[in-house]
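Below you'll find the structure, written out as structure tokens, and then a few comments.
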Amino acid sequence: MRDAPYRWRLSSMLLAASGILLIGVGVYFLLLRPPLLPEDIRYMSLTSIELQLIGPRLTSWPTHVFRVMGGYVTATGMLALTLALTSFRDHRAVAAVGAGVAGGLRSG
């Protein structure tokens, strides 16, 4: 049991906020992101007839990719939030090392 009051430190708050942000981004890719944006279609220089012909085949792959990416990002956010609420908040060294290594790997 802890003698000091259980309080939030800046590092835990930032990690929790990052986790919540990641969860939001992941939900966007899982549920809201369309497979093709208008700028994607403009970049491919497709006419409306060409888009109607290949549209269903063209959108199936990005839909799959965005679902996988959204699931990964949401899961990463949940892990970051859980870490912030538990061992990172308790200042366990292994939590700080794990968060540092994970952050370094993700930015590369």
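Worth a mention:
- Most mobile of M44, M69, M13 in a GNM of the chain (Cα contacts under 10 Å): M44
- Nearest 10 degrees, 0 to 90: helix 48-85 Cα axis against the chain principal axis: 0
- Gain upon complete extension [S11, L30; 0.36 nm per residue less C-alpha separation]: 4.0 nm
- The local environment of L15, defined by Cβ-Cβ distances under 12 Å, has a net charge of +2 under the rule Lys, Arg +1 and Asp, Glu -1.
- Computed from point charges on the beta carbon alone (+1 for Lys and Arg, -1 for Asp and Glu), the dipole magnitude for the stretch 1-88 about its Cα centre is near 260 Debye.
- The Cα-based radius of gyration and maximum Cα-Cα distance (Dmax) for the stretch 10-102 are 18.8, 60 Å.
- Tilt relative to the chain, helix 93-106 - C-alpha long axis, 0 to 90 degrees, to 10: 20
- For the options Y28, Y72, Y43, a Gaussian network treatment of the chain with springs between C-alpha atoms closer than 10 Å singles out Y43 as fluctuating the most.
- The stretch 57-108, Rg to Rh (Cα coordinates; Rh as Kirkwood inverse mean 1/r): 1.19
- Each label point was placed 7 Å from the Cα along the Cα-to-Cβ direction; for V65 and L51 their separation is 1.8 nm.
- Length gained on full extension, A75 to D40, computed as 0.36 nm times the residue gap minus the Cα-Cα distance: 9.9 nm.
- Max mean-square fluctuation residue, GNM over the chain, Cα-Cα springs under 10 Å, options S12, S45, S60: S45
Values quoted throughout were computed directly from the atomic coordinates according to the rules given, and no laboratory measurement underlies them. What you are looking at is a predicted structure, and each value in this text was computed from that prediction instead of being measured. Every residue, glycine among them, receives a Cβ derived from its backbone with ideal geometry; neighbour counts consider all protein chains shown.
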